[in-house]
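Everything below concerns the one structure shown next.
Each reported figure results from applying straightforward, stated rules to the coordinates on display, with no laboratory input. Predicted model, so just to flag it, every value in this text is computed and none were measured. Backbone-built Cβ (ideal geometry, glycine too); neighbour counts: all protein chains shown.
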Amino acid sequence: MEIHHKSLARKEWPRILNRDSVHGFFEESGLKGEMQLIHVHAVTKPLTKSYEGNGGSSCVTILDAGYYWLQIAPENAYWWLTVMYDSQLQLVEYYFDLTAGNELCGSGESGFADMFLDVVLVPGGQVYLLDEDELEEAYREGTVDEVSYQLTRQNAQELMAGLEGREEQLERFCWQCLGQMLEGR
C-alpha cells in the first residue's frame, strides 16, 4: 500500500475524458487557501458511491457528464474538501480527504498526500467516516507511522465534530466559492 498524491487539477484521473477548469483563491473567517472548479463534460462511465454507517445509508452518483467538482484546499489544514454538484448545480455531497498537510503553490498545481481516511457529509446532515480499514492496513504495513496515524484519526474526529450543526454555514461558504469560480470562467 502506498500514499497517493492528488492535485487540484485532478489530471491524473483517466475517468474524466473532457473538462474545463478555473483556479482561484479564497479567504473567509480566518480560513484561506486555493480552490479549483472542474466542470466535467465527458466521462468513461459515471461514478456512484454507497455509504453506510452512523445510523444511515446513502447511494449517490458523484461524477457524471455535466457535474462540477469544487475543490477547496485550505492553508495549514490536514483536510481537503471536494464539493460535488450535479449538472443542475444541485449539491451531491461534501467529501473531505484527510491529508498529511496541503501543499499550496498558488498555480493550480497544488496537491496533498492522501492519508486514506475520508469524511463525507451528504445533504440532510448525515456524516460518514470512510476507509478506516485502509488507514489501519497502511499503519500495519508501515506505510503510515504512529504519529501520522494518530494525527489522521484525531483530525478526522475533530472534523466530524466540527461539522455537527454547521451544514448551513458550510453550504453558504461553498456557494460563495462556487459563485466566484463560475464568474471566473
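Below are the figures for this structure:
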item	result
Scope the range 63-77; condition buried (at least 19 other Cβ atoms within 10 Å of the Cβ) and more than 14 Å from the chain's Cα centre (by Cα); matching residues	67
Residues of the range 63-87 satisfying the condition of being more than 17 Å from residue 130 (Cα to Cα) and outside any strand (DSSP E or B)	64, 65, 66, 67, 75, 76, 77, 86, 87
Residues (under 14 Å from residue 96 (Cα atoms) and of a type in the set (D, E, K, R)) located in the range 115-139	118, 131, 132
